[in-house]
């Protein structure tokens, strides 16, 4: 990633894999999927800003009631946030505590990364599982939001479940890449 936005010119995976390995091929597929999803998420963010701008203008200039715009924008923001997490993780862009990095050896840092990735994988597996159960309940029970517009709640829950699943797969892939890298040495 660049300092001012998303850099599509470079590979999103930090850890190199043997190109002929199954992990290397999966890494390339995940990288392409992440790039496509980020392009969609970027469009959704622009759409959310346009919807909110329309809402403000419609209320100010035409005194029009706006009952759907805020919720539509929130759905787009929720989808963008969750669906783009795997892309951010692929470049290790999530917040990380690196206080020990300078004090540990190369092997120690590799072990630290593995432990953090394993803990993150467990948390994300749980979060993804809970997201899928929320989606299932919303779908089966026909849950809708409490607003006047009342859109179905399966929409944001599906984006949350898919996003957390992709993040979980990205973390698992990074663990596999680390193990694949150790094997090749």
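Which of the helices (runs of 4 or more DSSP H) contained wholly in segment 18-134 include at least 1 residues that are in contact (Cβ under 8 Å) with a residue 40 or more places away in the chain, surrounded by 13 or more Cβ atoms within 10 Å (Cβ to Cβ) and over 23 Å from the mean Cα position of the chain (by Cα)?
No helices (runs of 4 or more DSSP H) qualify here.
Within segment 135-146, which residues are part of a helix (DSSP H, G or I) and either closer than 20 Å to residue 177 by Cβ or out of contact with any strand residue (DSSP E or B) (no Cβ under 9 Å at 6 or more places or on another chain) (or both)?
Once the filter is applied, which keeps residues that are part of a helix (DSSP H, G or I) and either closer than 20 Å to residue 177 by Cβ or out of contact with any strand residue (DSSP E or B) (no Cβ under 9 Å at 6 or more places or on another chain) (or both), segment 135-146 yields 135, 136, 137, 140, 141.
Condition test on residue 165, is it at pLDDT 95 or above and in contact with a helix residue (DSSP H, G or I) (Cβ under 6 Å, 6 or more places away or on another chain)?
yes
The values are calculated or read from the model by the stated rules, or taken from the named source; none is laboratory data. Here the structure is a predicted model, which means the values were calculated and not measured. Cβ atoms come from the backbone with ideal geometry, glycine included; neighbour counts cover every protein chain shown.
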